[in-house]
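J.: I have a structure I would like to understand better, so I am pasting it below and will then ask my questions one at a time.
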Amino acid sequence: MDKPGKDQTVETTNNHKKMCASGKDSEKQPITACLVSAAFFSALGSSYLYGYNLSVVNAPALYIKAFYNKTWIERYGEPVGAETATLLWSITVSIFAIGGLLGTLAVSLIIKVLGRKGTLLLNNGFAVIAALLLTLGEKAGSFEMLIVGRLIMGVDSGIALSALPMYLGEISPRHVRGSIGQFNAILICLGVFTGQVLGLPELLGQESRWNFLFAFLAFPALLQLCVLPFLPESPRYLLMERRDEAGAERAFQRFLGKKDVSKELEEVHAEARAQNNLQTVSVSQLMKNPAIRWQLITVIITMACYQLCGLNAIWYYTNGILREAGFAENILPYITLSTGGIETLAAVVSGLVIERIGRRPLLIFGFSAMAVCFGLLTVFLNFQDRVSWMPYLSYICILAVIASFCSGPGGIPFVLTGELFEQSYRPAAFMIAGTVNWLSNFAVGLLFPFIQEALESFAFLVFTVVCVLGAVYLYVILPETKNKTFVDISQSFAKINKIPVPSPVHEMELVLSFKPGKEVTNGKAAHVVEMESSF
């Protein structure tokens, strides 16, 4: 193909601009049942199980410890020592985070082989195996089965929290990408709430029924196995990594509910042309690339703040504050249901408004509001022994912290990780984000008891500082990603990364200079460009 003339380049560029401008029409498209079903059922067998496992061990904790002691007596003829009992229980709780880290480190390889949907389907196998081990451990007289089951469930969660946001971000039209991405956070909160409800004494929170709490894990996994195979794979994955344009077109048609998906296919082709290569990059390549340096820093800081902002510490104080307020011990489980209810409600509201307000304002508001509430909570905790009604204000602050967290910081970091990186960088980016997430989770569990012992109620001032720093960083660095293509988002960081942004004319000259079917690998693109299908 000869080099295009100036008139041809300008005309084609104008057509390309019209095509991009027509993206506004997509905002009028209704959300299809296929898209909602894919979002719900993929999250049901993934993030829902993660949330459920965060709360499910609280109710049967005393019964599980009694089972450990009983098993120890049967094996060794004497009760388990206090230090050994504490160690066994600590391992049971903390090994979940270790499994999560292992799952995160493995997810990039699994996704490369099986794709997004295939990875989610395979992950259900881990959930079913974990459910069997956790359920049958008591009957087998083996506390090791419970520990291994928690480890495997952690692996399941580590894979889920990377593969699911990736899948949701890639199947969603950009005008609802945030709302669909928030299915991840909503189902996490719903899972936490379900664990709290099923753990009530009237349901499964009894000595004779606690193992059924773990049997429940298999139900969402099996339900996803029955439904997800009939829903499409990520069209971006099919087109950019599998080179299956026909499959990508069919997937777009089902997700969008229309036959003409040429604009969506062209958007993916444009993203492919803008990338240096279409081969999935490694973590080391991602970290060395200056063009995405600040995207990576942003994801690391946001994900660290997600875990270090102090929400986990809130659960430590909730029951104590309720006791100080004069609530009877036997009704505490029912009152603490309000925390799970507030979580779920705030996450749903965030999903409904995220496309109107944007990711950046919700994140900044969430961290800022948490900082204010932590400051007030510190004051209230120090005066609750002197004023009879002060514990009620403390509990209101706790609910406000939870609502602030779930309004933005509780789900948007996962959405951002998918949005800030283009296709070839995404698996490695999620591996890094997941690693930061699980290491920060482990650090909070390890260090908070010491922080609380040293600072007592002033421990929340540490989390106030974290929230303030996170809000300031996001205000200064993070651009808004609402309703932008992945290429547009990458170009938003070009200035801070000190990378020149190519002009539209230059991009179009580059595209028109390619021969149909020829693979290009010199700098700006590595994609098999078929001009007839792209324009």
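J.: Could you list, ordered by first residue, the pairs with Cβ atoms under 7 Å in which the first is in the stretch 436-448 and at negative phi and the second is polar (S, T, N, Q) and modelled with pLDDT of 80 or more, at least 6 apart or interchain?
T.: Here the result reads Asn437/Gln307; Trp438/Thr104; Ser440/Gln307; Asn441/Gln307; Phe442/Ser94; Val444/Gln307; Gly445/Ser94, each pair linking the stretch 436-448 to a residue that is polar (S, T, N, Q) and modelled with pLDDT of 80 or more.
J.: Among residues belonging to the stretch 458-498 that are touching a residue at least 12 places away in the same chain (Cβ under 8 Å) and among the polar types (S, T, N, Q), point out the one that is farthest from Gly351 (Cα to Cα).
T.: Asn497
J.: Which is β-branched (Val, Ile, Thr), buried (at least 16 other Cβ atoms within 10 Å of the Cβ) and within 30 Å of Arg177 (Cα to Cα), of Val107, Val36?
T.: Details: Val36 fails: buried (at least 16 other Cβ atoms within 10 Å of the Cβ).
The match here is Val107.
J.: Take the residues in the stretch 325-346 that are under 18 Å from Pro391 (Cα atoms) and small (Gly, Ala, Ser); name whichever of them is modelled with the highest pLDDT.
T.: Looking at the filtered set, the residue picked out is Ser338.
J.: Of everything in the stretch 385-414 that's polar (S, T, N, Q) and touching a Leu at 6+ places or on another chain (Cβ under 8 Å), which residue is nearest to Ile188 (Cα to Cα)?
T.: Taking the stretch 385-414 as the starting set, the residues that turn out to be polar (S, T, N, Q) are 388, 394, 404, 407.
Among the residues that remain, those that are also touching a Leu at 6+ places or on another chain (Cβ under 8 Å) are: 394, 407.
Values: Ser394: 25, Ser407: 13 Å.
Going through the qualifying residues, I end up with Ser407.
For (1) modelled with pLDDT of 90 or more; (2) among the polar types (S, T, N, Q); (3) surrounded by fewer than 19 Cβ atoms within 10 Å (Cβ to Cβ); (4) part of a helix (DSSP H, G or I), each residue gets a yes or a no:
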| position | (1), (2), (3), (4) |
| --- | --- |
| Tyr237 | yes, no, no, yes |
| Arg250 | yes, no, yes, yes |
| Val268 | no, no, no, yes |
| Glu271 | no, no, no, yes |
| Asn277 | no, yes, yes, no |
| Leu296 | yes, no, no, yes |
| Tyr306 | yes, no, no, yes |
| Asn319 | no, yes, yes, yes |
| Arg323 | no, no, yes, yes |
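J.: How many residues are touching a Ser or Thr at 6+ places or on another chain (Cβ under 8 Å) and open to solvent by 40 Å² or more (accessible area, probe 1.4 Å) when one looks only at the stretch 329-361?
T.: 3
J.: Looking at the structure I just gave you, is Pro413 assigned to a helix (DSSP H, G or I) and modelled with pLDDT of 90 or more? Steps first, answer last, please.
T.: Numbers: assigned to a helix (DSSP H, G or I): yes; modelled with pLDDT of 90 or more: yes.
Judged against the criteria, Pro413 is a match.
J.: Need a quick list: helices (runs of 4 or more DSSP H) entirely within the stretch 152-231 having at least 1 residues that are open to solvent by 10 Å² or more (accessible area, probe 1.4 Å) and over 30 Å from Lys263 (Cα atoms).
T.: Correct list: 183-198, 210-215, 218-227.
J.: Exactly one of these conditions fails for Lys258: (1) closer than 30 Å to Ser55 by Cα; (2) part of a loop (DSSP other than H, G, I, E, B). Give me its number.
T.: (1)
J.: Run Lys484 past the list (1) modelled with pLDDT of 85 or more; (2) of a type in the set (Lys, Arg); (3) surrounded by fewer than 17 Cβ atoms within 10 Å (Cβ to Cβ) and report the number of the one that doesn't hold.
T.: (3)
J.: Right, something else. Does at least one position in the stretch 274-285 carry a residue that is at negative phi and in contact with a Leu (Cβ under 8 Å, 6 or more places away or on another chain)? Don't jump to the end; show me each part of the working.
T.: Of all residues in the stretch 274-285, those at negative phi come to 274-285.
Next, from what is left, pick out any that are in contact with a Leu (Cβ under 8 Å, 6 or more places away or on another chain): none.
So far as the stretch 274-285 goes, no, none of its residues is at negative phi and in contact with a Leu (Cβ under 8 Å, 6 or more places away or on another chain).
J.: Identify all residues within the stretch 416-426 that are out of contact with any Phe, Trp or Tyr (no Cβ under 9 Å at 6 or more places or on another chain) and at pLDDT 90 or above; write none if there are none.
T.: Listed by number, the list holds a single entry, Leu416.
J.: Regarding Phe442, is this residue part of a helix (DSSP H, G or I), under 21 Å from the mean Cα position of the chain (by Cα) and surrounded by 23 or more Cβ atoms within 10 Å (Cβ to Cβ)? It would help to see each step written out before you state the result.
T.: Values: part of a helix (DSSP H, G or I): yes; under 21 Å from the mean Cα position of the chain (by Cα): yes; surrounded by 23 or more Cβ atoms within 10 Å (Cβ to Cβ): no.
When the stated conditions are applied, Phe442 does not pass them.
J.: Please go through the stretch 362-377 and give me each residue that is modelled with pLDDT of 90 or more and farther than 13 Å from Pro413 by Cα, ordered by number.
T.: Passing the criteria: Phe365, Ser368, Ala369, Met370, Ala371, Val372, Cys373, Phe374, Gly375, Leu376.
J.: Which residue is farthest from Leu377 (Cα to Cα), if the candidates are limited to the stretch 325-351 and must be of a type in the set (A, V, I, L, M) and not in a helix (DSSP H, G or I)?
T.: Keep residues of the stretch 325-351 that are of a type in the set (A, V, I, L, M), which gives 325, 328, 331-332, 335, 337, 342, 345-349.
Imposing the further condition that a residue be not in a helix (DSSP H, G or I) reduces the set to 325, 328.
On the way: Ala325: 14, Ala328: 22 Å.
Within the stretch 325-351, the match that is farthest from Leu377 (Cα to Cα) is Ala328.
J.: Another one. Taking the stretch 372-387 as the search range and keeping residues that are polar (S, T, N, Q) and part of a helix (DSSP H, G or I), which one is least open to solvent (accessible area, probe 1.4 Å)?
T.: Let us first name the residues in the stretch 372-387 that are polar (S, T, N, Q), namely 378, 382, 384.
Checking which are part of a helix (DSSP H, G or I) leaves us with 378, 382.
On the way: Thr378: 9, Asn382: 55 Å².
It comes out as Thr378.
J.: Taking Leu114 and the conditions (1) within 18 Å of Arg426 (Cβ to Cβ); (2) surrounded by fewer than 22 Cβ atoms within 10 Å (Cβ to Cβ); (3) of a type outside the set (Lys, Arg); (4) modelled with pLDDT of 95 or more, which numbered condition does it fall short on, given that it satisfies the others?
T.: (4)
J.: Please name all residue pairs, on different chains or six or more residues apart, with Cβ atoms under 8 Å, provided the first residue is in the stretch 250-264 and is closer than 18 Å to Leu168 by Cβ and the second residue is open to solvent by 60 Å² or more (accessible area, probe 1.4 Å) and not in a helix (DSSP H, G or I).
T.: Gly257/Pro30
J.: Let me ask another. Could you grab me the full set of residues in the stretch 67-99 that are among the hydroxyl-bearing types (Ser, Thr, Tyr), loosely packed, with under 15 Cβ neighbours inside 10 Å and under 28 Å from Ser157 (Cβ atoms)? Lay out the reasoning, then the answer.
T.: The initial filter retains those residues of the stretch 67-99 that are among the hydroxyl-bearing types (Ser, Thr, Tyr), namely 68, 71, 76, 84, 86, 90, 92, 94.
Remaining after also requiring loosely packed, with under 15 Cβ neighbours inside 10 Å: 76, 84, 86, 90.
Result: Thr84, Thr86, Ser90.
J.: Which one of the conditions (1) assigned to a helix (DSSP H, G or I); (2) in contact with a Ser or Thr (Cβ under 8 Å, 6 or more places away or on another chain); (3) at pLDDT below 90; (4) not small (Gly, Ala, Ser) does Val57 fail to meet, given that it meets all the rest?
T.: Going through (1) assigned to a helix (DSSP H, G or I); (2) in contact with a Ser or Thr (Cβ under 8 Å, 6 or more places away or on another chain); (3) at pLDDT below 90; (4) not small (Gly, Ala, Ser) one by one, Val57 breaks only (1).
The values are calculated or read from the model by the stated rules, or taken from the named source; none is laboratory data. Only a predicted model underlies this, so the values are computations on that prediction, with no experimental measurement involved. Reconstructed Cβ throughout: ideal geometry from the backbone, glycine too, with neighbour counts over all protein chains shown. SASA here: full protein model, heavy atoms, side chains in, ligands and nucleic acids out. Shrake-Rupley method; radii C 1.70, N 1.55, O 1.52, S 1.80 Å.
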